[in-house]
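Working notes for the structure below.
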Amino acid sequence: MGTMKRIYMDHSATTPVDPLVVDAMLPFFTDLFGNASSLHSFGSEAAEALLRARKQVADAIGALPEEIIFTSGGTESDNLAIRGVVPFNAGKKHVITSVIEHPAVLNTCAFLESLGHEVTYVPVDADGVVDVKILEKSVRENTVLVSVMHANNEVGTIQPIEKISEIAKKYNIYFHTDAVQSVGKIPVNVDDLGVDMLSISSHKIHGPKGVGVLYVRKGTNISPIVFGGNHEMGMRSGTENVSGIVGFAKAMELAAQRQDADSIHMTQMRDSLISRVFDSISDVRLNGHPSRRLPNNVNMSFKYAEGESMLMLLDMQGVAVSTGSACSSKSLKASHVLSALEIEDDFIHGSLRISLGRENTMDDIDYVVGALQETIAKLRAMSPLADR
Amino acid sequence: MGTMKRIYMDHSATTPVDPLVVDAMLPFFTDLFGNASSLHSFGSEAAEALLRARKQVADAIGALPEEIIFTSGGTESDNLAIRGVVPFNAGKKHVITSVIEHPAVLNTCAFLESLGHEVTYVPVDADGVVDVKILEKSVRENTVLVSVMHANNEVGTIQPIEKISEIAKKYNIYFHTDAVQSVGKIPVNVDDLGVDMLSISSHKIHGPKGVGVLYVRKGTNISPIVFGGNHEMGMRSGTENVSGIVGFAKAMELAAQRQDADSIHMTQMRDSLISRVFDSISDVRLNGHPSRRLPNNVNMSFKYAEGESMLMLLDMQGVAVSTGSACSSKSLKASHVLSALEIEDDFIHGSLRISLGRENTMDDIDYVVGALQETIAKLRAMSPLADR
Amino acid sequence: MKFPYTEKVLEHFKNPRNVGKMENPDGKGLEGSPACGDMVAVYLQVNPDTQVIEDIKFESYGCASNIATASIITELAKGKTVEEAKKISWQEATEELGGLPPVKAHCSVLAVEGLRAAIRDYEEKHGLVSEQEPTTVDVIRSRLKHVMNPMAGL
Ligand SMILES: Cc1ncc(COP(=O)(O)O)c(C=O)c1O
Ligand SMILES: Cc1ncc(COP(=O)(O)O)c(C=O)c1O
Ligand code: FES
Ligand code: FES
């Protein structure tokens, strides 16, 4: 590839670690390397770093430090929220979630079903918004938990969390939200959202991989799902990943500080990208909600161009994006999110997700628009379906 | 503290990350930061790094790459080995383990008991060796798993894994060993040991915290305990911690390369420390096995000196060690391992674990022997029990 | 040094006041904590006319906060009358040290118990109260037998 331009626009998959975050982490590998459970001064240094990190994360989302449980990532946080609450609230066996949740929620719910719990999967409208009326109607006597994500990872639709929270409160049901995609892009405050639990993943916000958090409101009846030395107030055993947690906390702090500016910057890039693509490429549709969407998410479908082919041609031009369409080399199924949106057949095969990051620029947008035009033109030229 | 000497001798709790390991990790924060599941080139770079790491780890223990499941640490590996096997092998509800396992095993077994499974805790002899005869007698029709650690984290006793493996094979029972403390100190080869599953933790071998591995022999009937995007061949969901895994793999490689030399170096330091303490301090006993012990483990008890007080006085002299005695500021209970060894009352209160690392030197041993003499003298001078 | 202890606790741990045995004490107490298994001994020299504690010494076989609380207790008691010294509470000792971690509250209880045992011994010996069964090392040890229990460890 040599000196080819490389533009990363797949920030919903993962993000580069901020250099400030790396700097924050480095001392904890070789100098301040103690085990936070150790009594000696190496241990206390680590324990103090954890304490500071816990406060940084808590402050960033309006929580108390003791409501912060560090985990190995968003997936584990989702697992803990659901499996830590559902089987341990006696008699209450029913969970409500949505059809467009991340697999970390959906597959955890499927596991609960295999244990005899009941799960209702609430549908979404054409823009990917969870149907709040159906959600309320799904409430049963024995409903213990509602889990609906804050913003969707594929189409970027922001969910009416406040409304869902009202319903959960009304029926006295725990409410968990997966905020893995929303943190740093839109305000995330646990009281404003009215949630009892909230999942965050470090690597989606320019922190290191392998770290996450589950916020758990005080008084929530939750049990651990990993057993051992009773770290994290007994809620998550395993020697704390101090360097990772310190880096994550720094990333949270930066995300909170920069959220306003980042959001403006990303919204400008997003809207410019969308309008320029719509102006210059035909037979394109925007997937997800036109306005209630993450500032960094563009999800479009192109007729007569297949997802994996687009992705690979773009990659050859140095542009990294993702697709929810079938025919990827990892899986042949179209994304469950796109399927839930009931996108016309012509469009479902040609989806691209372009997810922006704070380090992207308007120049990058220029380049990507050009690359997209070239890519679509090339693929349509060889498609048997395209009208030419 | 200023320029006070600082000597870290608590390597069984955690280790400093090797600078070579940090170097190996760094590119994966900011340059090669892709998500290994992504199809574009950022993703393939990460996926390739994972592949290499998997092979490095596999090679170090004589396994196949596809038998390596990366986890968030030793605790999760132990949980996965036990909870991934026991509830999913229909009708087989009985587990055999030992009384001196790490809490990651013991508390996981306790959780299984709460679900209705049966667990036998095999006792150990006065040196901390698991009683193999009782273990064999504990086998039942419905025994599905034996889990006995390779070497104990507190007293360093090495268990007769090969003998236990023969029993497990004879009765067709899965055999898991927790090798968190043995890797890098004594040979760890999955075929020589004859195990079906084996846990390793990165931060105990100069790798980063928050990473571990469960080796799972091909053909083992195991199910995941964390649900989501089906990473790690479906056995462990969650975006892979690429930098952490790369660092861990590097640490495994170094551990394997250096094990012979490290082991000789540590054994010399260990034996020198023990003999000099026994020559110069009265009323001391060595806990654990005199010869079947880890090259880096010294666990001694001193009459008339209490664990936390010793630990703190040593820390004030810059020496970091740990204690299994009661009265720590975190817990008031004496270690379950020391209790299982049936150490006389006079000794159980004054235990110290000194765990050496490859960066310790004979000069460090000199210093620590002096610090110990001073510490014990000071505490005995104020004890109501010491005969003076 | 960053133990979960205040500077004052660390200071008293490092340089305990009034530590040691006393030849022919007027009162002597030995106490053990059922919470942790630690022990403390307190020795008194009391002025028979004024009932003032003129000298006091302690010995400890215990944790850092036990040593520190015992040390502070001897400072608090010295110069007080026996009646005044009886009223010293573990809360007072803890406060004097700037606080202790919650799990360590019993350490200062132990130190206070040690002082009170010494005072009781003084009172018994001097006919001020009737005798009780003496608290010996063996009595304490048997009380402490059940303290040892699992679940800690790195
Ligand atoms: C919405 C959402 N939830 C959960 C996860 C899982 O988080 P992690 O990658 O940290 O396991 C992701 C990303 O993969 C996500 O986008
Ligand atoms: C024997 C043993 N097993 C398991 C563990 C847990 O590993 P981790 O700290 O990576 O969770 C430890 C250390 O804490 C250990 O010493
Ligand atoms: S034609 Fe190849 S996966 Fe669809
Ligand atoms: S006196 Fe035992 S913990 Fe303090």
So with the 1.4 Å probe, I'd like the accessible area per residue for the stretch B:231-292, rounded to whole Å². 39
Enter the mean number of other protein chain beta carbons within 10 Å of the beta carbon of each residue in B:208-219, as an integer. 4
Carbon plus sulfur, as percent of the 1.4 Å-probe accessible area of the protein assembly as shown, comes to 52
Under the convention of a label 7 Å out along Cα→Cβ, give the distances in nm from A:ASP59 to the same position in every other copy, shortest first. 4.6
Hey, any idea what Rg/Rh is for the stretch B:258-382, computing Rh the Kirkwood way over Cα pairs? 0.95
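Which GluC sites (Glu not before Pro) does the stretch A:293-362 hold that lie in a coil by DSSP with at most 10 other beta carbons within 10 Å? Spell out each step's value before the answer.
On the way: sites: A:GLU306, A:GLU308, A:GLU342, A:GLU344, A:GLU359; in loops: A:GLU306, A:GLU342, A:GLU344, A:GLU359.
Passing both the DSSP loop test and the Cβ count: A:GLU344.
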If you plug each phi of the stretch C:105-111 into the Karplus form 6.51 cos²θ - 1.76 cosθ + 1.60 with θ = phi - 60°, what whole-Hz ³J(HN,Hα) values come out, in order, with x for Gly and Pro? 4, 5, 5, 6, 4, 4, 4
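For the stretch C:14-94, which GluC sites (Glu not before Pro) are in a loop by DSSP, counting at most 12 other Cβ atoms within 10 Å?
Those satisfying the criteria are C:GLU23.
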Holding the Cα-Cα limit at 24 Å, pick out from A:LYS185/A:LYS378; C:LYS8/C:LYS57; B:LYS55/B:LYS170; A:LYS55/A:LYS170; A:LYS209/A:LYS333 the pairs that are longer than that. A:LYS185/A:LYS378; B:LYS55/B:LYS170; A:LYS55/A:LYS170; A:LYS209/A:LYS333
Percent antiparallel among DSSP beta bridges confined to the protein assembly as shown, nearest 5, equals 60
Over both sides of the B-A contact, add up the buried accessible area with a 1.4 Å probe and give it to the nearest 100 Å². 4900
What accessible surface, in Å², does a 1.4 Å probe find on B:HIS102, ignoring ligands, DNA and RNA and rounding to the nearest 10? 30
For the stretch B:226-305, what relative contact order do you get, as a whole percent, if you take Cα pairs closer than 8 Å and at least 6 residues apart? 20
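With an 8 Å Cα cut-off and a minimum separation of 6 or more residues, compute the relative contact order for chain A in percent.
Numbers: 793 pairs, mean separation 84.2, N = 388.
Relative contact order comes out at 22 percent.
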In bins 10 Å wide, starting from 0, what share of all Cα pairs of the stretch A:229-320 does each bin hold, as a percent? 13, 28, 24, 20, 13, 3
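Just from its helices, what would the mean residue ellipticity at 222 nm be for the protein assembly as shown, if runs of 4 or more DSSP H residues each count -39500 (n - 2.57) and the sum is divided by every residue, rounded to the nearest 500 deg cm²/dmol? Write out the running numbers ahead of the final one.
On the way: 32 runs with 369 residues, N = 930.
Computed ellipticity for the protein assembly as shown at 222 nm equals -12000 deg cm²/dmol.
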With no solvent and one point per C-alpha, what does the Debye sum give as log10 I(q)/I(0) for the protein assembly as shown at q = 0.05, 0.06 Å⁻¹? -0.33, -0.47
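Checking the a/c ratio against 1.5 first, then a/b against b/c, what shape does the Cα gyration tensor give for chain B? Kindly include the intermediate steps, with their values, before the conclusion.
Details: a/c = 2.13, a/b = 1.33, b/c = 1.60.
Here chain B falls in the oblate category.
Viscosity 1.306 mPa s, temperature 10 °C: give me the Stokes-Einstein translational D for the stretch B:1-106 in µm²/s, with Rh taken as the Kirkwood radius over C-alpha pairs. Can you show the working numbers first?
Numbers: Rh = 17.7 Å.
My calculation gives 89 µm²/s for D.
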Sorted list, accessible surface of protein heavy atoms, 1.4 Å probe, largest first, for A:SER223, B:SER291, B:SER237 is B:SER291, A:SER223, B:SER237
Please list A:26-33, B:275-282 highest first by mean number of surrounding beta-carbon atoms within 10 Å per residue. A:26-33, B:275-282
The stretch B:83-188: trypsin sites (Lys or Arg not before Pro) falling in loop per DSSP and having at most 16 other Cβ within 10 Å: B:ARG140
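The values are calculated or read from the model by the stated rules, or taken from the named source; none is laboratory data. Keep in mind the model is a prediction, meaning the values are calculated, not measured. Because the Cβ atoms are built from the backbone with ideal geometry, glycine has one as well, and the counts that use them run over all protein chains shown. Please note that ligands, DNA and RNA were not included when accessible areas were found on the heavy atoms of the full protein model with its side chains. Shrake-Rupley method; radii C 1.70, N 1.55, O 1.52, S 1.80 Å.
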